[in-house]
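The values are calculated or read from the model by the stated rules, or taken from the named source; none is laboratory data. Because the structure is a prediction, the values reported are computed rather than measured. Here the Cβ is made from the backbone with ideal geometry for all residues, glycine too, and neighbour counts use every protein chain on show. These accessible areas exclude ligands, DNA and RNA; they are computed on the full protein's heavy atoms, side chains included. Shrake-Rupley method; radii C 1.70, N 1.55, O 1.52, S 1.80 Å.
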Amino acid sequence: MRIPFVLSIFFITLWSMRGSEVRAQSTAIDSLSHAAYAQSYSWQQLYHFAVLNKVWLKDEVKNNFNRLDADAYLAKGNWIDAQGATQLRALELSTQGKTNVGGFSVWGKFNYYRAMEDSTRLRHQTRMHTDAPVYFGSLKNNYYERNIYSMEAIVQYCFDRQRLPMTVGVDYRVGNHFSNNDPRGRVADFQFDLSAAVGRVFPNGDIHVNFLYGYGRERVGVGYKNDKYANNTADPLYINYYMNGFGRAKDQVRDIRYNDDFIRYGTDFLFSREVFTDHKVFAKAGWRYEQQFFKFYDSSPLTYTPLNKYKRNAYDLDVLLKTSASDASPRVYRLHAGVVDGRDYNYEIAQNNYVYRKETLLLEASDRFKNISIKAALGYESTASEDGSVAISLAYKSLKPALEINQQIPLAVKAAIIPRICLSYNHVLDSEFSLPSVFIPTFTQTIMQHNHLYYTTSSYRVGAGLDYQLNNVQFGNVVLGVYADYWQPSTKVNGTNYIAIPGDDRFQAGVRITAFF
């Protein structure tokens, strides 16, 4: 594939231009080492906020911060949703960084993800659009491989003596997902997003307006390697199922092939302002519209048969408060609220059939006390999905507290260890579930009951990690780390359909190498 090669050339070129950079005014961020900047929850929360919203790249992201990450991990266990894999081996490689070239501030990231899923069943797709109403699946566990390449880039330049910032962002992704046993499937996808923002800087803050346009496609095809399964209609494990709605599944042994062509656009209003003494607030209010058009390609005069048109509106509010950068680390508080409304038009019944709504609220706080970093979070989520034609619905509300702590312990002048622990809990506040038992296919009953049991059962997560940090080595700071996470439901999960019952736990462990330069 040519795309990864082209992107690697882009980043090599960007790195080679570092010698001609023009440094911005030194700040408290730039005085930190790259490793200290990356180990601080406060700085990293601000870093991800600035990169996500793009327009504060110049002043709120450390100059010349570059990192290279390699992460290999495995996961095993049946405490997963209907799309999960009971066994997973994955490798992730990424590089990202910011530099100044002339008067331009430039940030870029390239990421490669490869996963080998030993057993995926029920819902098979790219996982880009988890609330989409059209997908395919099977009751049999399938082996899947996934290769995903993604690239992000941001370029910012200030005109009119640093008072008129212009920001351009690009987000590109290519994915290839396939199974190699019966029933076998292949899903190819790509997406491209382009955003542009214009702003105005004032003595005590700034304002920006951002516009986004994007498009993409998912191409799906399902078949068989063994002919004896291709003509099977008796064994439900080897039957493919096609879902068009939240619960309208039907048997379809052959000819599951369709495209999902989607477009998206939206706008954001962003501003920042210095308040009180040594405090600065950042805020973004945004809207995104996305249309997903599912089509079955055939030999008709139109060249395709329309299946479903899914329209999705997302509203987003993101506010961050940064205190003074005392003790080489600021206090950071963040509030994020979002609403997603989805509604389809099902061409098989010529009317709206599926509705989806999700409401989220997340409060986060990060601080540092001497050599200890702390991040606390409290999240709320309300999700509701309903299929009108078959009277299937699932709704649940949950509260999600979380806490993460790390401590830097010097071993010598050029080395340190950083132990880390994290705790989180998913407490289900309320749930509703409707699944009529009459004339509902086995596949629909299984996938709906599985997700009902998984999403409406409280659970907890315990994680730990240990990093070994080498400072001032030839290639910059290097961190070697190991980590493990464990998930378990707080009560035993019971159900009448034994193949729909999620498992008792899940475990994940991995190793990570990070180099800062």
Completion exercise
So for R0 = 30 Å, FRET eff. of Thr491-Leu378 from the Cβ-Cβ r, to 0.05, ends up at 0.85
Handout entry: the chain - Debye-derived log10 I(q)/I(0), Cα point model, q = 0.05, 0.06, 0.13 Å⁻¹
Key = -0.22, -0.32, -1.49
Exercise for the section: Return the carbon/sulfur percentage of the accessible area of the chain, one whole number, probe 1.4 Å, all protein chains in place. Expected result: 59 percent
Practice task
Let me know the charge dipole size of segment 144-189 about its Cα centre in debye, to the nearest 20, where only the beta-carbon of Lys, Arg (+1) and Asp, Glu (-1) is charged.
Solution key: 100 debye
Handout entry: Sum of -39500 (n - 2.57) over DSSP H runs of 4+, divided by residues of the chain (222 nm, nearest 500)
Key = -3000 deg cm²/dmol
Problem - Computed over segment 110-184, Kirkwood Rh from alpha-carbon pairs, angstrom - result: 15.3 Å
Handout entry: Simple label model, 7 Å out from Cα along Cβ direction - Lys370 to Val170, nm
Key = 4.8 nm
Fill in the blank from the handout: Charge tally for neighbours of Ala395 with beta carbon under 13 Å away, counting Lys, Arg as +1 and Asp, Glu as -1, is -3
Problem - Degrees, to the nearest 10: 2-16 long Cα axis against longest axis of the chain - result: 10 degrees
Exercise for the section: Find how much the distance from Asn226 to Ala464 grows on full extension, using 0.36 nm per residue of separation minus their present alpha carbon separation; answer in nm with one decimal. Expected result: 81.2 nm
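Over the alpha-carbon set of segment 73-158, divide Rg by the Kirkwood Rh and report the Rg/Rh ratio to two decimals.
Rg/Rh: 1.16.
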Fill in the blank from the handout: Between Asn204 and Asn181, Cβ-based FRET efficiency (R0 56 Å, step 0.05) works out to 0.35
Completion exercise
In whole percents, the bins of 10 Å from zero upward hold the Cα-Cα pairs of segment 156-258 as 13, 26, 19, 14, 12, 11, 5, 1
Practice task
Give me the net charge of Asn353's neighbourhood, meaning all other residues with Cβ under 12 Å from the Cβ of Asn353; Lys, Arg count +1, Asp, Glu -1.
Solution key: -1
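Contact order normalised by length for the chain, with contacts defined as Cα pairs under 8 Å and 6 or more residues apart; what percent is it?
Relative contact order comes out at 12 percent.
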Fill in the blank from the handout: Given 258-271, 499-512, the highest-first ranking by average Cβ count within 10 Å works out to 258-271, 499-512
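If you put +1 on each Lys and Arg Cβ and -1 on each Asp and Glu Cβ, how big is the dipole of the chain around its Cα centre, in Debye rounded to 20?
Once rounded to the nearest 20, the dipole reads 760 debye.
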Problem - Low-density loop positions, trypsin sites (Lys or Arg not before Pro), segment 91-173 - DSSP coil, at most 14 other Cβ in 10 Å - result: Arg161, Arg163
Handout entry: Extension reserve of the Phe439-Asp160 stretch, reckoned as 0.36 nm per residue once the Cα distance is removed
Key = 93.7 nm
Exercise for the section: Filter the trypsin sites (Lys or Arg not before Pro) in segment 337-396 to those in DSSP coil with at most 10 other Cβ atoms within 10 Å of their Cβ, and list the result. Expected result: Lys370
Exercise for the section: Enter the accessible area per residue of the chain (Å², integer; probe 1.4 Å; all protein chains in place). Expected result: 46 Å²
Exercise for the section: Quick one: which residues, 5+ away or cross-chain, put their amide H under 5 Å from the amide H of Asn477? H built at 1.01 Å from N. Expected result: Asn472, Phe516
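Note down the net charge around Val428, summing +1 for each Lys or Arg and -1 for each Asp or Glu among other residues with Cβ under 13 Å from its Cβ. Numbers along the way, then the final one.
On the way: positive: Lys397, Lys400; negative: Glu381, Asp430, Glu432.
Summing Lys/Arg as +1 and Asp/Glu as -1 gives -1.
What does the extension gain come out to for Leu335 and Ile405, with contour length at 0.36 nm per residue minus their alpha carbon separation?
Contour length minus Cα-Cα distance gives 23.2 nm.
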Problem - 3J(HN,Hα) from dihedral phi, segment 50-67, Karplus parametrisation 6.51/-1.76/1.60, rounded to Hz, x for glycine, proline - result: 5, 5, 4, 8, 6, 6, 9, 4, 4, 9, 10, 10, 4, 5, 6, 8, 10, 9
